[in-house]
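Student: Pasting in a structure now, in structure tokens, and then I'll have a few things to ask.
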Amino acid sequence: QVKLVESGGGLVQPGGSLRVSCSASSNISSMDVMGWYRQAPGKQRELVAVITDDGNLNYAASVKGRFTLFGDNGKNILYLQMNSLKPEDTAIYLCNVVKYGYTYWGQGTQVTVSS
């Protein structure tokens, strides 16, 4: 069982930056896959950024060059740094991990980009 707790969401103006965090109850370096998804009202959940245990890092085309996924193994925290935010980035951001074939989700943190 892996527990995930997200934090860091909030309201930010277009063009601004925000960093969301995902604190894991287990060693993040032992995960098969870790990443962030997002879900906007009325839309399907979509992948934002993900990293595999062999170091492959993938970003959605819509965020590439603006978002950066990185982690702190010592603190078991996965971060998503979001720059140049746009109104269309508004969504609930959810942390996701896969470990030993099991998938775990956090409760999500709301990110709202609006002037």
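Every read-out reported here was derived from the displayed coordinates using simple, explicitly stated rules and does not represent laboratory data. Please read all numbers here as calculations on a predicted model, not as lab measurements. A quick note on method: Cβ atoms are made from the backbone with ideal geometry, for glycine too, and the neighbour counts reach across all protein chains shown.
Student: Give me the extension gain from residue 115 to residue 17: residue separation times 0.36 nm, minus the current Cα-Cα distance, reported in nm with one decimal.
Tutor: Full extension from residue 115 to residue 17 adds 33.9 nm.
Student: Test of understanding: what is the full-extension gain from residue 30 to residue 72, defined as 0.36 nm times their sequence separation minus their Cα-Cα distance?
Tutor: 13.9 nm
Student: Follow-up question, since we're still on this one. Rounded to a whole number, what is D in µm²/s for the chain from Stokes-Einstein with the Kirkwood radius over alpha-carbon pairs (10 °C, 1.306 mPa s)?
Tutor: Translational diffusion coefficient: 113 µm²/s.
Student: Please give me the summed charge of the neighbours of residue 67: other residues whose Cβ is under 14 Å from its Cβ, Lys and Arg +1, Asp and Glu -1.
Tutor: Numbers: positive: 19, 38, 64, 66, 86; negative: 46, 88, 89.
Cβ neighbours under 14 Å give a net charge of +2.
Student: Please give, to one decimal in nm, the separation of the simple spin-label points placed at residue 43 and residue 56, each 7 Å out from Cα toward the Cβ.
Tutor: Roughly 2.5 nm, to one decimal.
Student: Ok, one more. If you find the alpha carbon centre of the stretch 16-53 and of the stretch 62-76, how far apart are they in angstrom?
Tutor: 9
Student: Loop-only chymotrypsin sites (Phe, Trp or Tyr not before Pro) in the stretch 14-110, please: DSSP not H, G, I, E or B, and at most 10 other Cβ atoms within 10 Å.
Tutor: Of the chymotrypsin sites (Phe, Trp or Tyr not before Pro), the ones in loops of the stretch 14-110 whose Cβ has at most 10 other Cβ atoms within 10 Å are 100.
Student: If I take R0 = 22 Å and measure r between the Cβ atoms of residue 100 and residue 5 in this structure, what FRET efficiency does the formula 1/(1 + (r/R0)^6) give, to the nearest 0.05?
Tutor: The formula returns an efficiency of 0.60 here.
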